[in-house]
Structures are given as C-alpha cells and as structure tokens.
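For reference, the structure discussed in these notes is given below.
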Amino acid sequence: MRFDELSLGQTATIRKTITQADIEVFAGLTGDFNPIHMDAQYAGRTRFGGRIAHGMLTAGLVSQVLGMRLPGTGAVYLSQTLRFKAPVRAGDTIEARAEVLELMPEKRRVRLRTLCVNQSGDTVLDGEALMLVDDVPTLS
C-alpha cells in the first residue's frame, strides 16, 4: 500500500484458527519447548489448566496483518508493544486487527493499534506498532 493511501481510522483484519500443530511448529522454529505449551500433564497443573499457545505465536498474527494488509507489503516494523491479556489455546480462532492511529508523512511512519481477539470476542493481545512505509515501485 502506498503511504498516501493510508488514512486515520483505517482498519484491516486477518483470522486464523490455532492448531496444536501450529504450536509444535512454532516451538521447533523458536526452540521454546516450555512445558506449558508442550506437556498436557504439566500444563494441567498451572493456573491455565491446560496447554496454551506461545504468546509470540499470537503476536505473529499481528505481523501478518501488518505485513500483508495494513500497511501491507513493503512496510517495515520499527517497534511493537504487546500486552498479553488472556491465553490462546489450540482450537481458538484468533482475529488480528490493525487500526491506523497516527500518520507521520515527514518520516513516512504510521502508528497503529494492534489487537487480537478470540472467537468469544475476548481480547487476548493488545498493543501498538510503529511502521515505516516506503512506496516500492511495482515491477512491470
């Protein structure tokens, strides 16, 4: 998306159902095999009562909405704040949302609210992102 196509209040979303395979692949990619994600018996004894997805797996959905939808391809992450509000479990359908909060044309930056909600409408992640948006010419 071109910088001049962005507007205050503009939003975009993506949706994904998290699977146990997603959690296992994420653990393999990151090396985070914390038993709260991987061991049902261990996780059952925690405050969550069962296995939960990695918080950064959920945050990865924010990366998808920012990198692919708003502001989209060509945009580069500069910073991200994250507040994890509730656990995500295999079988949860998560909607990641981005909303343009501020445009800084002199530096070609955009500040966005980032939010993930589950199928019940509960917020599981909340934060803000700062993105650099350079207009990349398309190949002919």
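The values are calculated or read from the model by the stated rules, or taken from the named source; none is laboratory data. Everything numeric here is computed off the predicted structure, so don't read it as measured data. Cβ placement follows ideal geometry from the backbone for every residue including glycine, while neighbour counts extend to all protein chains displayed. When the accessible area is computed, the model is the full protein with side chains, heavy atoms only, and any ligands, DNA or RNA have been set aside. Shrake-Rupley method; radii C 1.70, N 1.55, O 1.52, S 1.80 Å.
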In Å², and per residue, what accessible area does the chain have when probed at 1.4 Å with the other protein chains present? 56 Å²
Net length gained if the chain between residue 73 and residue 111 were fully extended (0.36 nm per residue, minus Cα distance): 12.1 nm
Just to check I understand the Karplus step: with θ = phi - 60° and J = 6.51 cos²θ - 1.76 cosθ + 1.60, what whole-Hz values come out for region 37-43, glycine and proline as x? 9, 10, 10, 4, 5, 4, 4
Give the angle, between 0 and 90 degrees and rounded to the nearest 10, that separates the Cα long axis of helix 55-68 from the longest principal axis of the Cα atoms of the chain. 20 degrees
For the chain, with all protein chains present and a 1.4 Å probe, just round the carbon and sulfur fraction of the accessible area to a whole percent. 51 percent
Sequence-distant or interchain residues sharing an amide H contact under 5 Å with residue 94, placed H: which? 16, 17, 18
Along Cα→Cβ, 7 Å out, is where each label goes; now give me the distance between the ones at residue 119 and residue 24 in nm to one decimal. 2.0 nm
Project the alpha carbons of region 5-47 onto their principal axes and report the range along each, largest first, in whole Å. 49, 25, 16
In terms of modelled amide H atoms, which long-range or inter-chain residues lie less than 5 Å from the amide H of residue 78? 130, 131, 132
Using only Cα atoms, find the angle between the long axis of helix 20-30 and the longest principal axis of the chain, and express it within 0 to 90 degrees, rounded to the nearest 10. 70 degrees
Overall Cα dimensions of region 47-140, principal axis frame, Å, largest first: 51, 29, 19
From the backbone phi of region 74-89, what are the Karplus-calculated ³J(HN,Hα) couplings (6.51 cos²θ - 1.76 cosθ + 1.60, θ = phi - 60°) in whole Hz, Gly and Pro given as x? x, 6, 10, 4, 10, 7, 8, 9, 9, 10, 8, 9, 7, x, 10, 10
